[in-house]
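Readers should treat all values here as calculations from the given coordinates under stated rules, not as data from a laboratory. Everything numeric here is computed off the predicted structure, so don't read it as measured data. Here Cβ is always computed from backbone atoms with ideal geometry, including for glycine, and neighbour counts include all displayed protein chains.
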Amino acid sequence: MIDRKVIQKSYEPGFWEKIYYPEVFKGLCITGWHFVRNMWSHTLRYVFHIKSVKPGFVTIQYPEEQRLISPVARMRHRLMLRPDGTVKCVACMMCETICPDDCIHITAAERDDPTVEKYAIAFEIDLLRCCFCGYCVEACPEDAIRMDACYLDLAGWSRGALVIDRETMMSDGALSRKFQVQKEFQESISR
Ligand code: SF4
Ligand code: SF4
């Protein structure tokens, strides 16, 4: 049996932290400093047009405005399509098998096309269970599933709304948004 040494680290607050008010005051000073600095940089840049001033932070008015996402971020899944518009997935069940959260459910059916044995007639992913590990994408031998749909909106009014079906994932996969988003992202960071 391996003898493992467990190191436990505990944090003990000091006297000034224990009496609470100095820390609150410190926090208010930091917040106030950011407010004043931001207000001045916006005023100097946009009212007095002094462009040499470092830009202040900008609040993004979500959900009307959406933050640009890195093209390598793992977002909602999408299913890739063949040139004839049919789903690329061959229902091999590799993704369903490897998924650590058991949130992929596929129903296979036979295809008329003799070159493609099977296809997914139903394909569902429960996003509430998904941990966005990306194993399904890595395991797919057909590059049929990707997680670069670039949708940040992972909220819904019911649990059912967060179970995405084959048709939703196919419509997200109709066009590769990756390069478009990559371009926008590069432009935004070079500004
Ligand atoms: S990202 Fe991970 S948890 Fe989510 S569906 Fe794919 S394999 Fe399962
Ligand atoms: S998405 Fe890929 S791994 Fe999953 S069933 Fe389809 S072909 Fe297999």
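If packing is taken as the average number of other Cβ atoms within 10 Å across a peptide's residues, how do 99-105, 119-125 rank, most packed first? Numbers along the way, then the final one.
Values: 99-105: 15.1, 119-125: 20.3.
In descending order of packing, they fall as 119-125, 99-105.
Only helical DSSP H runs with n ≥ 4 go in: add -39500 (n - 2.57) per run for the chain, normalise by residue count and round the 222 nm mean residue ellipticity to 500 deg cm²/dmol. Mind showing how you got there, number by number?
Numbers: 6 runs with 56 residues, N = 191.
Estimated from H runs of four or more residues: -8500 deg cm²/dmol.
Principal-axis analysis of the Cα atoms of the chain puts helix 178-190 at an angle of about 10° to the longest axis. Name the residue, out of Lys18, Lys118, Lys88, whose mean-square fluctuation peaks in a Gaussian network model built on the chain with Cα pairs under 10 Å. In this elastic network of the chain, the residue with the biggest mean-square fluctuation among Lys18, Lys118, Lys88 is Lys18. Take every pair of alpha-carbon atoms less than 8 Å apart whose residues are at least six positions apart; their mean separation over the length of the chain yields a relative contact order of 23 percent. Between Met169, Tyr135, Ala73, the Cα set farthest toward the positive side of the dipole of the chain (charges on each charged residue's Cβ, about the Cα centre) is that of Ala73. A simple rule links phi to the HN-Hα coupling: the Karplus curve 6.51 cos²θ - 1.76 cosθ + 1.60 with θ = phi - 60°, which for segment 118-132 gives 9, 8, 8, 7, 9, 8, 10, 10, 8, 5, 6, 9, 5, 9, 6 Hz, with x for Gly and Pro. Return one number: the angle in degrees, 0 to 90 and rounded to the nearest 10, between the long axis of the Cα atoms of helix 21-42 and the longest principal axis of the Cα atoms of the chain. Relative to the chain, helix 21-42 is tipped by roughly 80 degrees.
What's the exposure ranking of Glu17, Glu96, going from fewest to most Cβ atoms within 10 Å? Don't skip to the end; give the middle numbers.
Values: Glu17 12, Glu96 18.
Listing Glu17, Glu96 from fewest to most nearby Cβ atoms yields Glu17, Glu96.
Explain nothing, just the number: dipole magnitude of the chain about its Cα centre with +1 on each Lys and Arg Cβ and -1 on each Asp and Glu Cβ, in debye rounded to the nearest 20. Working shown, then result.
Working: 25 positive and 26 negative charges, 264 e Å.
So the dipole magnitude of the chain works out to roughly 1280 debye.
Find the eigenvalues of the gyration tensor of the Cα atoms of the chain, then list the square roots of 5 times those eigenvalues as equivalent ellipsoid semi-axes, largest first, in whole angstrom. All intermediate terms of the calculation are to be shown ahead of the outcome.
Numbers: eigenvalues 407, 161, 45 Å².
That gives 45, 28, 15 Å for the three semi-axes.
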